[in-house]
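Every number here is computed from the coordinates shown, using simple stated rules; none is lab data. Just so you know, these numbers come straight off a predicted model, no measurement behind them. No Cβ is skipped: glycine too gets one built from the backbone with ideal geometry, and neighbour counts run over all protein chains shown.
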Amino acid sequence: EAVFDAMSGAHDALRRGAAGEAARLLTDALDWDPDHLEARLLRGRCARDAGDRLAALSDFRWAMEIAPQSPLAHVEMGDLFFAKKRYAQAIQHYTNALERDPDHAMALCRRGICHHYKRQPDRALDDLRSAARIDPEIANIDRYIRMVSPRLTR
């Protein structure tokens, strides 16, 4: 019950934009249940958004150990490296996520964008088109595909 209350409070805090409060509540939840995957991932996101890369890395790595077959922590790690423009590492994590869930549209989309920044337009376009087939509602997916497509004709 205490974990549920802390998680509910954290979700409410995030909806209000109070990330610091959410992080404190998530820490409470993790004190009661250190292997709570959702709390671990959410706290990692809070840390990442606050610029605390090491804390985010720690939570995401722990999440990988908690749920080794889940793509979620790998997507989060990919996002962390993407934000630092470390595209090769981001690609590896998105690929790891896709090994666990080949239809993870956001992993495909983000890996495609990484390929674009690494000047690999064929790979970028393949990933982005696959992401669009799986989830055509991904924000800006059509724009990303158009962004990558002209590079193929150069």
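Points worth noting:
- Residue range of the chain that is longest and free of GluC sites (Glu not before Pro) which are both DSSP loop and sparsely packed (at most 10 other C-beta within 10 Å): 2-136
- For Ala55, the shell of other residues with beta-carbons less than 9 Å away shows a net charge of +1, using +1 for Lys and Arg and -1 for Asp and Glu.
- The stretch 47-154: relative contact order in percent, alpha carbon pairs under 8 Å with at least 6 residues between: 17 percent
- Computed with the Debye formula from one identical point scatterer per Cα of the stretch 7-86, without solvent, the log10 of I(q)/I(0) at q = 0.11, 0.26 Å⁻¹ comes to -0.25, -1.24.
- Within the stretch 95-127: backbone nitrogen closer than 16 Å to the Arg146 label point (7 Å, Cα to C-beta): none
- The rule of thumb for compact globular proteins, 2.2 N^0.38 Å, goes into the C-alpha radius of gyration of the chain 1.13 times.
- Net charge over other residues, Cβ less than 12 angstrom from the Cβ of Ala107 (K, R count +1; D, E count -1): -4
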